[in-house]
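Worksheet: the structure to be examined is printed underneath.
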Amino acid sequence: MKIILGSDKSGFYLKEAVKDFLNTNGYDVIETGTVTPEKGISIYEVTPQACSCIQKGDADLGILICGTGMGMSQVANKFKGSRAACVVSIYGARMARVINNSNILCMGGWILAPEMAIEMVKAFLQAEHTEGVEEWRRDFLKNALVKIEELEDNIYGRG
């Protein structure tokens, strides 16, 4: 599985811990954004690069880290096909995939300890959309993705 991983300066150290976990566990990591704490790259540069990578199919999922995770999430959700979730718990990370089929996990470097962030990443990457959900809700959630795509088409135009 290919993961696009990016951060701004505030998320740099947490991104490094997540990157070590991903590399150790056999994920193919594409890195974008801040690569040294001395020179930060803005969320307004990092996020479009990550979203473009997912849109083109160069990455399966994304993980974006800034100070709170909220800025990355807000910017990512401006891009067609991006379903970014800013979460602060393992349960939230898992349910972002199960319920919303999120393709980008956003986290806060000021908020999370590396150990917690890694558990959240595990939960996000291991979960499947509608996994363990009642049949009636599974159909509803799959239809919700179609509705989201229709909204995006109306907002961004077709193509």
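Our helix-only sum for the chain, with -39,500 (n - 2.57) per DSSP H run of n ≥ 4 divided by its residues, gives a mean residue ellipticity at 222 nm of -15500 deg cm²/dmol. Taking the Cα centre of region 24-75 as origin and assigning +1 to Lys and Arg Cβ atoms and -1 to Asp and Glu Cβ atoms, the resulting dipole is close to 140 debye. Residues whose amide H falls under 5 Å from that of Leu5, counting only those 5 or more places apart or on a different chain, are Ile30, Glu31, Thr32, Ile63, with hydrogens built in the peptide plane. Taking Cα centre as origin and charging only the Cβ of basic (Lys, Arg, +1) and acidic (Asp, Glu, -1) residues, the dipole magnitude of region 83-159 rounds to 80 debye. Taking the charge dipole of the chain about its Cα centre, with +1 at Lys and Arg Cβ atoms and -1 at Asp and Glu Cβ atoms, the residue from Leu151, Asn77, Val98 reaching farthest to the positive side is Leu151.
Going by the alpha-carbon gyration tensor, a ≥ b ≥ c the square roots of its eigenvalues, is region 25-85 rounded (a/c under 1.5) or, if a/c is not under 1.5, prolate (a/b greater than b/c) versus oblate? It is oblate, given that a/c is not under 1.5 and a/b is not larger than b/c. Among the GluC sites (Glu not before Pro) in region 1-109, those located in a DSSP loop and surrounded by at most 15 other Cβ atoms within 10 Å of their own Cβ are Glu38. Would you please classify the overall shape of region 69-129 from the alpha carbon gyration tensor, given that a ≥ b ≥ c denote the square roots of the eigenvalues, rounded means a/c under 1.5, and beyond that prolate means a/b larger than b/c while oblate covers the rest? Because a/c hits 1.5 or more and a/b fails to exceed b/c, region 69-129 counts as oblate. Rounded to the nearest 20 debye, the dipole magnitude of the chain is 240 debye, with +1 charges on Lys and Arg beta carbons, -1 on Asp and Glu beta carbons, and the Cα centre as origin. You can think of it this way: the chain between His129 and Asn25 has 35.3 nm of extra reach, that is 0.36 nm per residue less the Cα-Cα gap. Here the chain has 52 percent of its accessible surface on carbon and sulfur atoms, given a 1.4 Å probe and all protein chains in place. Within the same chain, lysines fewer than 8 places from Lys142 are excluded, and of the rest, those with a Cα less than 19 Å from its Cα are Lys80. Shown here are the Rg and Dmax of the Cα trace of the chain, at 15.1, 51 Å. Take the chain with all the other protein chains still there, run a 1.4 Å probe, and you get 52 Å² of accessible area per residue. Straight-line cross-link reach from Lys2 at under 14 Å between alpha-carbon atoms covers these aspartates and glutamates, not counting any fewer than eight positions away in the same chain: Asp28, Glu31, Asp58, Asp60. Of all aspartates and glutamates in the structure, the ones whose alpha carbon falls short of 16 Å from that of Lys78, not counting any fewer than 8 places away in one chain, are Glu45, Glu149, Glu150, Glu152, Asp153.
The values are calculated or read from the model by the stated rules, or taken from the named source; none is laboratory data. Because the structure is a prediction, the values reported are computed rather than measured. Neighbour counts are summed over all protein chains in view; Cβ atoms, including those assigned to glycine, are modelled from backbone coordinates with ideal geometry. Calculation scope for accessible area: heavy atoms of the full protein, side chains included, ligands and nucleic acids excluded. Shrake-Rupley method; radii C 1.70, N 1.55, O 1.52, S 1.80 Å.
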